Amino acid sequence: MAKAIILIIEDDPDIQELLSFAMSGEGWKLLQAKTGEEGLVFLKKGPVNCVLLDIMLPGMDGLKVLKKIKEIEQCRNVPVIMTTAKGEDADIITGLELGADDYVVKPYSPRVLIARIRAGLRRQEEAGGRETATVWQQGPLKLDAARHEAFCGGKRLDLFPTEFSLLRHFLSHPDIVFSRNQIIAAVRGNDYPVTDRSVDVQILGLRKKLGEAGDIIETIRGVGYRLRVSE
């Protein structure tokens, strides 16, 4: 990837300064915004490769900003990492459900945050680097990884990045039962700090968007989930 552009939406000047210093050796271009409204202006002006987004912002809070980001066409697949002091499961689940790609709780290690950014940039680059379509279809569901499109009964699905990754994983491994930890590892990588409850919420959201076809993703009690094809 060419020089990555990282947008930091954070109202604390000390944290802005800390992040700028920590990332100075990464070769990234940093954009800094003190409010969500200012951050959205940056995103509408030009391309950004990753967004660090605080929740507790003056004016529009981070969750509302996240919704707005996902409504911008060119930003739908840009990884958004929430950086916040709100670390309860309910807060994390809400952020992930709204489309955040990652969630880092303050106080955090800048080195850990940089590793998360690298992982997000790597996933974005891998997704954009596929030259030929990789298509899976099971029943009414169809997914084209190269075009980043998914359909149910011919109708295009409006999926968050994590929901898209989940559906791709299930479609590419039909009838195989996966534990929640295996699902996390497949979609996010090993040792990714997400709770079982977060996985359940993400799958619930995906099922809702699949409508009547949602029960194709079957809960295997005490084990995990599978995409049911065989009867």
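Scanning the stretch 204-231 for residues that are surrounded by fewer than 16 Cβ atoms within 10 Å (Cβ to Cβ) and either within 19 Å of Ala186 (Cα to Cα) or touching a helix residue (DSSP H, G or I) at 6+ places or on another chain (Cβ under 7 Å) (or both) returns Leu204, Lys208, Gly214, Glu218, Thr219, Ile220, Val223.
The set of residues in the stretch 45-85 being of a type outside the set (A, V, I, L, M) and in contact with a strand residue (DSSP E or B) (Cβ under 6 Å, 6 or more places away or on another chain) consists of Asn49, Cys50, Asp54, Gly62, Pro79, Thr83. Restrict the check to the stretch 175-185 and report whether at least one residue is modelled with pLDDT under 90 and in contact with an Asp or Glu (Cβ under 6 Å, 6 or more places away or on another chain). Yes, the conditions are met somewhere in the stretch 175-185.
Quick grid of which residues meet (1) over 19 Å from Ala100 (Cα atoms); (2) over 19 Å from the mean Cα position of the chain (by Cα); (3) among the aromatic types (Phe, Trp, Tyr); (4) not assigned by TED's automatic domain parsing to the domain that holds Cys75:
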{"position": "Asp14", "(1), (2), (3), (4)": "yes, yes, no, no"}
{"position": "Ser20", "(1), (2), (3), (4)": "yes, yes, no, no"}
{"position": "Gly25", "(1), (2), (3), (4)": "yes, yes, no, no"}
{"position": "Leu30", "(1), (2), (3), (4)": "yes, yes, no, no"}
{"position": "Gly36", "(1), (2), (3), (4)": "no, no, no, no"}
{"position": "Lys44", "(1), (2), (3), (4)": "no, yes, no, no"}
{"position": "Asn49", "(1), (2), (3), (4)": "no, no, no, no"}
{"position": "Leu52", "(1), (2), (3), (4)": "no, no, no, no"}
{"position": "Ile55", "(1), (2), (3), (4)": "no, no, no, no"}
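Within the bounds of the stretch 21-29, is there any residue that is small (Gly, Ala, Ser), surrounded by 14 or more Cβ atoms within 10 Å (Cβ to Cβ), in contact with a strand residue (DSSP E or B) (Cβ under 7 Å, 6 or more places away or on another chain) and in contact (Cβ under 8 Å) with a residue 12 or more places away in the chain? No: zero hits. Selection of the stretch 155-189 for residues being among the small types (Gly, Ala, Ser) and in contact with a strand residue (DSSP E or B) (Cβ under 8 Å, 6 or more places away or on another chain) yields Ser172, Ser179, Ala186.
So that you can scan it fast, the table gives a plain yes or no per residue for (1) in a helix (DSSP H, G or I); (2) surrounded by fewer than 20 Cβ atoms within 10 Å (Cβ to Cβ); (3) in the same structural domain as Val201 (by TED's automatic domain parsing):
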site: Leu143; (1), (2), (3): no, no, yes
site: Ala146; (1), (2), (3): no, yes, yes
site: Ala150; (1), (2), (3): no, no, yes
site: Asp158; (1), (2), (3): no, yes, yes
site: Leu166; (1), (2), (3): yes, no, yes
site: His173; (1), (2), (3): no, yes, yes
site: Gln182; (1), (2), (3): yes, yes, yes
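The values are calculated or read from the model by the stated rules, or taken from the named source; none is laboratory data. Computed from a predicted model, the values in this text were never measured in an experiment. Note that we place each Cβ from the backbone using ideal geometry, even for glycine, and neighbour counts take in every protein chain shown.
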